[in-house]
Amino acid sequence: MRALISSIVLAVCLTASAHAATPHDADVAAIRTIVEQFKGAIIARDGDALGKLFLQDHDSWLSVADDSIWGAMKERNAAARKVTPSSWKTFAAMVKDSPKPMEERFYNVRIETNGAVASVWFDFDFLVDGKVGNRGSESWQMVRAEDGWKISSMLYSAGR
């Protein structure tokens, strides 16, 4: 009987420790909030709110054409680039000035952090006027600045 009770107590302790909060759960929750704010700002066409999610004095943004569109891009324009730099400022202005509704849907969001830096990776569909205009994978590098978590760089694949 004592062995059974000891086994039950040990199982409960192991289960409780497996579900205990990790040191960075609050950071992951804060980053998930930023992911939701990012999506909401696009839907609201609020370029200013979108811009506040980024590290203001740094901008690294790259789009990489995947094989599903690269050949057609090259046929249309011999000078087309597979890797295209841009900026969050350009994106925020496009969102703000868009005459059509926009939305970015995120799937399989994964967040890794040590509390100072973070990486966010997800698959996405980007919709314009209810139609998928682009889909692929996207990654953000984030930093925990004096005023909270900020996106410092973005890299995404462009495909259909």
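The values are calculated or read from the model by the stated rules, or taken from the named source; none is laboratory data. Since this is a predicted model, take the numbers as computed values, not measurements. Cβ placement follows ideal geometry from the backbone for every residue including glycine, while neighbour counts extend to all protein chains displayed. The accessibility values were calculated without ligands, DNA or RNA, using every heavy atom of the protein model including side chains. Shrake-Rupley method; radii C 1.70, N 1.55, O 1.52, S 1.80 Å.
Annotations for the structure displayed:
- What you get for the stretch 109-160, charging only the Cβ of Lys and Arg (+1) and of Asp and Glu (-1), is a dipole of about 140 debye around the Cα centre.
- For the set Asp57, Asp97, solvent exposure ranked by accessible area (probe 1.4 Å, protein chains only) runs largest to smallest as Asp57, Asp97.
- Cα gyration tensor shape for the chain, rounded if a/c is under 1.5, else prolate or oblate: prolate
- Placing unit charges on each Cβ (+1 for Lys and Arg, -1 for Asp and Glu) gives the chain a dipole about its Cα centre, and among Ser157, Ile31, Ile42 the Cα reaching farthest toward its positive end belongs to Ser157.
- These residues, Glu146, Glu103, Glu75, Glu138, go from largest to smallest accessible area, 1.4 Å probe, as Glu146, Glu75, Glu103, Glu138.
- Close lysine pairs were tallied over the chain: pairs 8 or more places apart or on different chains with Cα atoms under 15 Å apart number 9.
- Computed over protein heavy atoms with a 1.4 Å probe, the accessible surface of the chain works out to 61 Å² per residue.
- Close amide-amide hydrogen proximity is noted between Gly133 and Phe126, Leu127, Val128, each under 5 Å apart and 5 or more residues distant or on a separate chain (H modeled in the peptide plane; Pro and chain starts excluded).
- Backbone HN-Hα couplings from phi across the stretch 52-57 [Karplus 6.51/-1.76/1.60, Hz, Gly and Pro as x]: 5, 7, 9, 5, 5, 9
- The stretch 16-152, accessible surface, carbon-and-sulfur percent (1.4 angstrom probe): 54 percent
- Percent antiparallel among DSSP beta bridges (both partners in the chain, rounded to 5): 85 percent
- In order along the stretch 106-115, the phi-based Karplus estimate (6.51 cos²θ - 1.76 cosθ + 1.60, θ = phi - 60°) of 3J(HN,Hα) comes to 10, 9, 6, 5, 10, 10, 10, 8, 10, x Hz; Gly and Pro are listed as x.
- Ordering of 76-84, 47-55 by burial proxy (mean other Cβ atoms within 10 Å per residue, highest first): 47-55, 76-84
- Semi-axis lengths, Å, the stretch 38-106, gyration tensor of Cα atoms, sqrt of 5 times eigenvalues: 26, 15, 11
- The GNM of the chain, with springs linking C-alpha atoms under 10 angstrom apart, assigns the highest mean-square fluctuation among Ser139, Ser68, Ser60 to Ser68.
- Ranking by accessible area, most exposed first, for Asp125, Asp25 with a 1.4 Å probe: Asp25, Asp125
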